[in-house]
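Down below is the structure, laid out as structure tokens.
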Amino acid sequence: MIENLAKTYDPKEFEDRIYKYWMENGFFKAEVNKEKKPFTIMMPPPNVTGNLHMGHALNNTIQDILIRWKRMEGYEALWQPGTDHASISTEAKVVEKLKKEGKSKEQLGREGFLEEAWAWTNKYGGNINNQLKKLGVSCDWDRERFTLDEGLSYAVEEVFIRLYNKGLIYRGNRIINWCPNCKTAISDAEVDHEETEGHIWHIKYPIKGEDKFITIATTRPETMLGDLAVAVNPQDDRYKDLVGKTAILPLVNREIPIIADDYVDMEFGTGAVKITPSHDPNDFEVGARHNIGQLKIMNDDATINENGGIYEGLDRYEARKRIVEDLKAQGYLVDEKKHLHSVGHCERCKTTVEPIISKQWFVKMEPLAKPALEAYREGKLNFIPERFGKIYVHWLENIKDWCISRQLWWGHRLPVYYCNDCDEIMVSREKPETCTKCGSNNLYQDPDTLDTWFSSALWPFSTLGWPEKNEDLNYFFPTDVLVTGYDIIFFWVIRMVFSSIEQMGEVPFKDVFLTGLVRDSLGRKMSKSLGNGIDPLDVINEYGADALRFTLVTGNSPGNDMRFYMERVEANRNFANKLWNAARFVLMNLDEKVAVEPIDKSSLEEEDRWIISRINTVIKEATTNLEKYEIGIAAQNIYDFIWDEYCDWYIEMVKPRLYGDNLSSKETAEKVLLYVLENILKLLHPFMPYITEEIWNHLPSREKALIISDWPTYNREDENKESERKMSFVMSAIKGIRNARQEMNIAPSRKATLIFVTQDEAVKDLIDYGRRYFVNLASADTIIIEDDKSNLGDNNLSVVLDRCEVFIPLKDLVDLDKEIERLEKEREKLEAELKRVRGKLSNEGFLKKAPEEVVAKEREKLEKYENMMDKVLQRIDSLKSSK
RNA sequence: GGGCGAUUAGCUCAGUUGGUUAGAGUGCCACGUUGACAUCGUGGAGGUCAUUGGUUCGACUCCAAUAUCGCCCACCA
């Protein structure tokens, strides 16, 4: 008897202790080891000041499963952790904090603000890592990186400079998305489009020198203050004679040309479009083609600027209202209709984005997108599930240049300097002494910082020390798999791919595993504003990290959203408890000396061979499924085996041996129980690392920690189909007997004689051999085997099996009518089956074209069912006639 | 306007290349405290796999339409 486990599973008692044990022993560490193959995963860096939510819990659980499994398989497994500075989001939080203190960014100045931001980062920066630790993640914490680290910042500058020198980064005056609340430019990817109910107004512009008008349509009338032309389609007969003439902008009285451009859709609106080149991307293009100049009419906070005349100072929506009123009053408003259209919002603060002309820095995307597309087409990059490949391709094929400058302070400042005297641009890591063009020493650095995603795009190699050439980079890069949410493909996945190809010459990872969203029980997105978020830490606290992890990876296939139910967590906690108690049972019955002895195969009994064969198959199935990233199915394989086969059948079958007098048989049972338990713990470890390690630590046979033990492998010689067939007969007999007894309401405590009637010698042997199964599991006291049933009376329950009938004499308890009714139900079931099988076998096409083995299987079924049907009918007749 | 996903037991979901008596968890009903576990055991009820066609000897699985729901992308003022 061995030191016992606690009576009930209590994850709180050991989870933290086990995590500490792993950390103290350095099991998560990875280092260059030429003896081993590397396996690398880069953890998507969470926002440094963020908190763990279910999305993190999901993708980190998946990563941890993969890394633990590969570590056990003998790979040098590196899981690289770290955090992201999240420029716009962190800056907003700090600004808000300052606001509460009555301070502002501008008051503090850049230096002062950055001090505040670092203080904030240091205060909240550790939170998410501690939360991840609760989940059990086995990443190499010694390698933790932060996107604003010195090394990573160096990499960012390096890439910027390289791309600039290659002409892939440029500064340009173009239409960008401006967030008037965050007061910065944002990239296209950071704009969420939302269908919004607005209005469309038709406004007539007088034609100069004529008593005519041209009517345009717009959804943003305030932008007319910046109109520099009216455009029509050159094919449009309605307006042919107006092209080349001049329109007079109402309210403003500016003279603007009427131009012809293919961009205009004759079918839409009035077929005439106002052109506002500084406030609309299409108008910008049209304007450029016709060389009509620029006129910006808005400030950074979306109020009208000095170019807006009497509307100066008004907010954009106030200006819209006033302009519509004025147009109406002056008779220019022709029509006003409700109109559904898509409006861009700032992904972070939800403010309506204003397209606006601005001087910003851009990455030229086409030359970078091309090799990224090729890599995918050449199969160097796989998506799981595959369908996301299409999204990747579509985005890259339609990509536009990436606006990377942000009017923020928290982030990587552009390594760009300007000459105050001659406006020369100098890109360099350090501030140049003098202007490279005019020699002036009157230089200043660009105040802008880079898009956060510019630095995270480099994550797979910057974290390994790039641009320095080192062993780590050589060994661990490229990485093996990236696990992240599908909502981040554009922001991050694609940018890592083209950045890696550009800087490293190869893709950063082979596989991209995309997770779905974790939703609440009603299918809604978990969000702060709805207050429907479930805190993973609360769940861990109540049910343990293992139960949470199991819940997140089961009952769901890759890329699909899932609903989160506490009932499911509870069920998985119950599973952990089941395993806990099974282990407790094994240990209670295990002799310490026996535990370390090898199994003598010749002493194995039928159920031993069966369970060994079964675990062997499960090892194969689970491993294959993991290889296919079918994590949920792998988990299900293991779960079913543990609960149904190991606990419900094997442990129950083996009990008489453990309590019996045959010492050798008892010891064999102990060894097999332990052997299977060891393999169960290994298989389940990646999914439920805590409970498995805790139980493992109680096994007398353990040599080293479970986390670094060897992943089990399939052995051909352990597979035993013969034992599986035999056991499946025994189990179906037991089930049949239990079923009949319960249907007839005979309590399990009422022991009975079982009379097996069969002429099949093999079946006889098996029943004889397996007496104890029936005694223990089918409430039998005596077991009799007969050739012939002719002298058995009718006062029996009868169970029809394959090649065998069981009679249970329970004279006083058996109600004949009820028994007939029960057998009639059996008959109906068999009838349906027979009909199906006969149908198949009488179909000539089936016989001709189906594979032989499939036909043979159906023939076997037919024989079996016919045989069983005969017996059931005989029995029914016999009972009826004896009434 | 394009693209994608979902539709399977009351509920939430699996079902891996077409051949299973279509599964699980949960819920429901009945019975059960034999020393691993009531966070349990045993048995049961419950599904014409959204609809309609097609391919095939054979379709939950492949193809095409339809319907409903959801998501993503897109410059139509």
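The values are calculated or read from the model by the stated rules, or taken from the named source; none is laboratory data. These numbers come from a predicted model, not from an experiment. Don't worry about glycine lacking a Cβ; one is built from the backbone with ideal geometry, like all the others, and counts go over all protein chains shown. Calculation scope for accessible area: heavy atoms of the full protein, side chains included, ligands and nucleic acids excluded. Shrake-Rupley method; radii C 1.70, N 1.55, O 1.52, S 1.80 Å.
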Cross-link reach list, lysines versus A:Lys338, counting only Cα pairs under 26 Å and skipping chain neighbours closer than eight places: A:Lys204, A:Lys274, A:Lys321, A:Lys328, A:Lys350
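Can you list which of the GluC sites (Glu not before Pro) found in segment A:647-711 are DSSP loop residues with at most 12 other C-beta atoms within 10 Å?
Working: sites: A:Glu652, A:Glu667, A:Glu670, A:Glu678, A:Glu693, A:Glu694, A:Glu703; in loops: A:Glu703.
The qualifying sites are A:Glu703.
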Rounded to the nearest 10 Å², the accessible area of A:Trp610 at probe 1.4 Å: 10
All aspartates and glutamates inside 16 Å of A:Lys93 as judged from Cα atoms, apart from same-chain residues fewer than 8 positions distant: A:Asp84, A:Glu101, A:Glu106, A:Glu115, A:Glu116, A:Glu347
Listed residue (A:Thr479, A:Phe498, A:Gly465) projecting farthest to the positive dipole end of segment A:455-505, Cβ model: A:Phe498
Where N is the number of residues in segment A:3-77, Cα Rg divided by 2.2 N^0.38 Å: 1.38
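Compute the projected area of the convex hull of the Cα atoms of segment A:506-577, averaged over all viewing directions, and report it in nm² to one decimal place.
Working: hull surface 25.3 nm².
With the hull built on Cα positions only, its mean projection is 6.3 nm².
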Alpha-carbon spread of segment A:43-110, three principal axes, descending order, Å: 57, 24, 14
Antiparallel DSSP beta bridges within segment A:217-355, as percent of all bridges there, nearest 5: 75
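Where Rh denotes the Kirkwood radius from the mean inverse Cα pair distance, what is Rg over Rh for segment A:403-454?
Values: Rg = 11.7 Å, Rh = 11.4 Å.
Rg divided by Rh gives 1.03.
Taking only the Cα atoms of segment A:342-452, how large is their convex hull per residue, in Å³? Each step should come with its number before you reach the end.
On the way: hull volume 19.5 nm³, N = 111.
Expressed per residue, the convex hull around the Cα atoms of segment A:342-452 is 175 Å³.
Stick to Cα atoms and the Kirkwood definition of Rh, then tell me Rg/Rh for chain A. Don't jump to the answer; show the numbers that get you there.
Working: Rg = 37.3 Å, Rh = 33.4 Å.
Rounded to two decimals, Rg/Rh equals 1.12.
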Overall dimensions of segment A:147-195 by Cα: Rg and Dmax, Å: 14.7, 43
Which of A:Val553, A:Ile615, A:Gly313, positive extreme of dipole for chain A (C-beta unit charges): A:Gly313
Assigned charges on the beta-carbon of Lys, Arg, Asp, Glu; segment A:140-290 dipole about Cα centre (debye): 880
Histogram of C-alpha separations across segment A:250-305, 10 Å bin width, %: 20, 48, 28, 3
Reach of A:Lys620 by Cα under 14 Å, taken over aspartates and glutamates that are not fewer than 8 positions away in the same chain: A:Glu73, A:Glu630, A:Glu717, A:Asp718, A:Glu719
Cα convex hull volume per residue for segment A:429-538 (Å³): 197
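Report the net charge of residues surrounding A:Thr8, where surrounding means a beta-carbon distance below 12 angstrom and charges are Lys +1, Arg +1, Asp -1, Glu -1. If you can, show how the numbers build up before the last one.
Values: positive: A:Lys7, A:Lys12, A:Arg573, A:Lys578, A:Arg584; negative: A:Asp10, A:Glu13.
Computed value for this residue: +3.
Using only the Cα atoms, what convex hull volume per residue in Å³ does segment A:348-390 have?
155
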Inter-probe distance in nm under a simple model that places probes 7 Å from Cα toward Cβ, at A:Asp781 and A:Asn532: 6.0
Neighbour net charge for A:Val324 - beta-carbon separation under 12 angstrom, K R +1, D E -1: -1
Cross-link pairs beyond the 31 Å C-alpha cut-off, checked among A:Lys666/A:Lys764; A:Lys37/A:Lys469; A:Lys390/A:Lys469: A:Lys390/A:Lys469
Principal axis box of segment A:122-257, alpha-carbon based, largest edge first, Å: 78, 41, 29
